[in-house]
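One structure is given here, and the rest of the page talks about it.
The values are calculated or read from the model by the stated rules, or taken from the named source; none is laboratory data. The shown structure was predicted, so the numbers you read here are calculated from the model rather than taken from an experiment. Positions of Cβ are backbone-derived with ideal geometry, glycine not excepted, and every protein chain shown enters the neighbour counts.
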Amino acid sequence: MPLEWITYQDAVRLYTLDQVAYTCGKGLYRVHGGTNAKSGRRSMIEVNSIIATAGAMQASLKGNPSYTPPLNNTTLFRRDDHLCLYCGESRRAKDLSRDHVKPISRGGQDQWTNVVTACKPCNNYKGNRTPEQARMQLLAVPFTPTHAEYVYLQGRRILADQMAFLRAHFPRRSPLRERLERIAEGSSSDTVIS
Ligand SMILES: [Zn+2]
């Protein structure tokens, strides 16, 4: 299962520590090391876009259905595609905020299913009220991402093979699936570790 994004430097480290169980996806980088004094041969490591590491501890923890990824604004805004879920406007991250659907002061929790992306004017207008009290309608139901969805949401530029790998681990009814269809292949500088 997908675990996290790592830089190619960290990927090289895993290769050299012999912690790569197998690789998938395509080769992203060739990293050259020093030349062996005896053989005169130069070392080389090819880094793949997806690498599997030995050790199941992290995977079993994060693959558990009750696992909840940490909540942070960057990932929250990406979950909601940088749209204000009240007015539907697309904004840059600095113009967005975390709205508690049921306000904290009214017993609402700071958790994925009670938070949505809101532009600052909508958040200010809503204030200390529920959407019903403010007569505002939510455009989507807030959901808790699984770990695989969370990894996807953290990715910056995701390659087609990485996307296919991540999507294979999404729940069947993931709200993110539809969005993925729209994303064309880009280029990535990171390796996904599994
Ligand atoms: Zn708004």
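If we keep just the residues of the stretch 157-175 that are in contact (Cβ under 8 Å) with a residue 24 or more places away in the chain, crowded, with 17+ Cβ neighbours inside 10 Å and of a type in the set (A, V, I, L, M), which is farthest from K26 (Cα to Cα)?
Applying the filter and picking the extreme gives L166.
Kindly evaluate K102 against the criterion of being touching a helix residue (DSSP H, G or I) at 6+ places or on another chain (Cβ under 8 Å) and either modelled with pLDDT of 95 or more or outside the structural domain of R177 (by TED's automatic domain parsing) (or both).
yes
Out of everything in the stretch 4-37 that is part of a helix (DSSP H, G or I) and among the hydroxyl-bearing types (S, T, Y), what residue ends up being surrounded by the fewest Cβ atoms within 10 Å (Cβ to Cβ)? Outline the logic, then answer.
Going residue by residue through the stretch 4-37, those that are part of a helix (DSSP H, G or I) are 8-16.
When the remaining residues are screened for being among the hydroxyl-bearing types (S, T, Y), the result is 8, 15-16.
Details: Y8: 15, Y15: 17, T16: 13.
That would be T16.
In this structure, does A148 turn out to be surrounded by 12 or more Cβ atoms within 10 Å (Cβ to Cβ) and away from the ligand (no atom under 16 Å from the Cβ)?
Details: surrounded by 12 or more Cβ atoms within 10 Å (Cβ to Cβ): yes; away from the ligand (no atom under 16 Å from the Cβ): yes.
In short, yes.
Being in a loop (DSSP other than H, G, I, E, B) and either within 13 Å of the ligand (Cβ to nearest atom) or under 30 Å from E46 (Cβ atoms) (or both) is the requirement here; does L166 meet it? Steps first, answer last, please.
On the way: in a loop (DSSP other than H, G, I, E, B): no; either within 13 Å of the ligand (Cβ to nearest atom) or under 30 Å from E46 (Cβ atoms) (or both): yes.
No, not satisfied.
Can you tell me which residues in the stretch 113-137 are more than 9 Å from the ligand (Cβ to nearest atom), part of a helix (DSSP H, G or I) and of a type in the set (A, V, I, L, M, F, W, C)?
The answer is A134, and nothing else.
Hey, among T23, T53, which residue is touching a helix residue (DSSP H, G or I) at 6+ places or on another chain (Cβ under 8 Å) and among the polar types (S, T, N, Q)? Show your work before the answer.
Values: T23 fails: touching a helix residue (DSSP H, G or I) at 6+ places or on another chain (Cβ under 8 Å).
So the residue among T23, T53 that is touching a helix residue (DSSP H, G or I) at 6+ places or on another chain (Cβ under 8 Å) and among the polar types (S, T, N, Q) is T53.
With the requirement that a residue be surrounded by 14 or more Cβ atoms within 10 Å (Cβ to Cβ), within 13 Å of the ligand (Cβ to nearest atom) and touching a residue at least 40 places away in the same chain (Cβ under 8 Å), what does the stretch 78-104 give you?
D80, L83, L85, Y86
When the stretch 114-145 is examined, which residues are found to be free of Cβ contacts under 8 Å to residues at least 40 places away in the same chain, within 24 Å of P175 (Cβ to Cβ) and exposed (fewer than 13 other Cβ atoms within 10 Å of the Cβ)?
E132, V141 - these are the residues of the stretch 114-145 that are free of Cβ contacts under 8 Å to residues at least 40 places away in the same chain, within 24 Å of P175 (Cβ to Cβ) and exposed (fewer than 13 other Cβ atoms within 10 Å of the Cβ).
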